[in-house]
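Report on the following structure.
The values are calculated or read from the model by the stated rules, or taken from the named source; none is laboratory data. Keep in mind that this is a model prediction, so the values were computed, not measured. Neighbour counts are summed over all protein chains in view; Cβ atoms, including those assigned to glycine, are modelled from backbone coordinates with ideal geometry.
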Amino acid sequence: MKFFFGFFTLAFAAANLYALARFRRAFDLRWRTMLPFLPLFIPILFAPPIVHLLERQGTLPAAMVAAWAGYGWLGMLFLFCWLHAGAELAVFAFRKVRNYPGRTGPPDTQTARRTFLAVIAALLATTGYACYEAAEIRPEHITIESNRLPAGRNRLRIAQISDLHVGLLVRKREVQRVAEIVRSEKPDVLVATGDIVDAGFISTGDLPAIFRALDPPLGRFAITGNHEYYAGLERSLLFIERSGFRMLRNQAETVLSPDPGATNLAPPVADPGNGAPATRIGPLSGTAGRTGVMRIIGVDDETGRQFGAKADNPEKTLFGEVRSPLFTLYLKHRPEISPESVGKFDLQLSGHTHRGQLFPFRWLVKLRFPYIAGLYDVPGGGQIYTSRGTGTWGPRMRFLAPPEVTIIDVVRASGNRAIAR
């Protein structure tokens, strides 16, 4: 964690210096002329820790202003750097071709100024679109064919939200939009695959009530992401559970067919399936006449190890030696495949990557997480779907990585096959 913030601060400082140097060159300014303005960059440079400090002190209005300004600058700075670097590369290539074998040194002030102003125009347009894209949460439909649905059920609809990051910048409007989509799609089950809260969130107000109003017949399930730990695990879990979700913390549950006379928030009971320690949702009125619909397995994010959680890998125990005959849904925040789980789940749902959130950052993210976004076949059996995320981290911007509420229809077939639509 400390390494990440140290690297982030250095990269942020370098990006600010790059932007300042291009501004100086465009208008032919000397560094000593700009020296009096350099202290203005100090609050910008340390915006993230300042926001964090204001959050911890409980000063919500000041923290929100600092977050909008600081994270907004962060997003625009990232866009500026790659736009200007691309423009400089284009100018360099043009001059080299046009003047070859002439000089290829730095462009003159007039060229630098024109390039800078053109980049600023492109930056404003790109930023405007990125803000619009981040606000346009939309459903993403996937259909999967499976032979593991129980008799009498021809379709199982799963709604997935991920990386919502409820906090200073993602508030009631976004949560209401998510709830509207889920309600309109009428899923059988709703799952949240981590980072529902942001690294620091203060007052959640009536946000849990918005989620609680959703009542899919097979229940609501959630797992931890890295930000649940950053925000403080205890209060993160409290918020998610108050929102009506059942936390799966290295647990498995066999979900039973709905009982019209029972609540889906009843106490858990032992799950006899597969020989693994597990729980299931059991109605207060009993389980007579009800059948298993699906199996859900959820694990904590590996960030928990940094906060004192056990380092044991729970997947070997949770999946057991024999594959369940029911459709098995695996919830894991990071889109990584464990050898212990291969061939023992039908569909893994993950998030975490945001598909890079701001293009072209996805290229770097893909180096770390090859299953960066979308649906993939897993060698050895099963499939993984990685959500682009429902909210945003940092700036309220997305560029070529639109947010989503994923709607997965599992339909009856003779074998497993996936169709994206």
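Annotations for the structure displayed:
- Considering residues of the range 299-324 that are surrounded by fewer than 13 Cβ atoms within 10 Å (Cβ to Cβ) and small (G, A, S) only, the residue farthest from F369 (Cα to Cα): G308
- For the range 125-241, the helices (runs of 4 or more DSSP H) that sit wholly inside it and include 3 or more residues that are more than 30 Å from R305 (Cβ to Cβ) are 172-185, 207-212.
- Flag for T143 being of a type in the set (S, T, N, Q), over 12 Å from T392 (Cα atoms) and not assigned by TED's automatic domain parsing to the domain that holds L349: no
- Selection of first residues in the range 174-194 that are free of Cβ contacts under 8 Å to residues at least 60 places away in the same chain and of second residues that are surrounded by 17 or more Cβ atoms within 10 Å (Cβ to Cβ) and part of a helix (DSSP H, G or I), restricted to Cβ pairs under 7 Å at least 6 apart or on distinct chains, gives the following pairs, ordered by first then second residue: V175/L207; V175/I210; Q176/I210; A179/I210; A179/F211; L190/V182.
- Of the strands (runs of 3 or more DSSP E) entirely within the range 325-421, those holding at least 2 residues that are crowded, with 20+ Cβ neighbours inside 10 Å and either touching a residue at least 40 places away in the same chain (Cβ under 8 Å) or assigned by TED's automatic domain parsing to the domain that holds T127 (or both) occupy 327-331, 347-350, 383-386, 404-412.
- Remark: pairs (first residue in the range 234-253, of a type in the set (V, I, T); second residue in a loop (DSSP other than H, G, I, E, B) and crowded, with 20+ Cβ neighbours inside 10 Å; Cβ separation under 6 Å; 6+ apart in sequence or on different chains) = I240/I196.
- For N154: the one exception among (1) modelled with pLDDT under 95; (2) among the polar types (S, T, N, Q); (3) buried (at least 21 other Cβ atoms within 10 Å of the Cβ): (3)
- Residues of the range 372-409 that turn out to be farther than 24 Å from L326 by Cβ, aromatic (F, W, Y) and at pLDDT 95 or above, as a count: 1
- First in the range 13-26 and surrounded by 16 or more Cβ atoms within 10 Å (Cβ to Cβ), second anywhere and among the small types (G, A, S), Cβ under 8 Å, 6 or more apart: R22/A112; R25/A112; A26/A112
- Qualifying positions in the range 292-324 - β-branched (V, I, T), in a loop (DSSP other than H, G, I, E, B) and closer than 16 Å to L248 by Cα: V299
- Filtering F94, F80 for residues that are at pLDDT 95 or above and among the hydrophobic types (A, V, I, L, M, F, W, C) leaves a single hit, F80.
- Number of the condition not met by T59 [criteria: (1) polar (S, T, N, Q); (2) under 18 Å from L169 (Cβ atoms); (3) surrounded by fewer than 14 Cβ atoms within 10 Å (Cβ to Cβ)]: (3)
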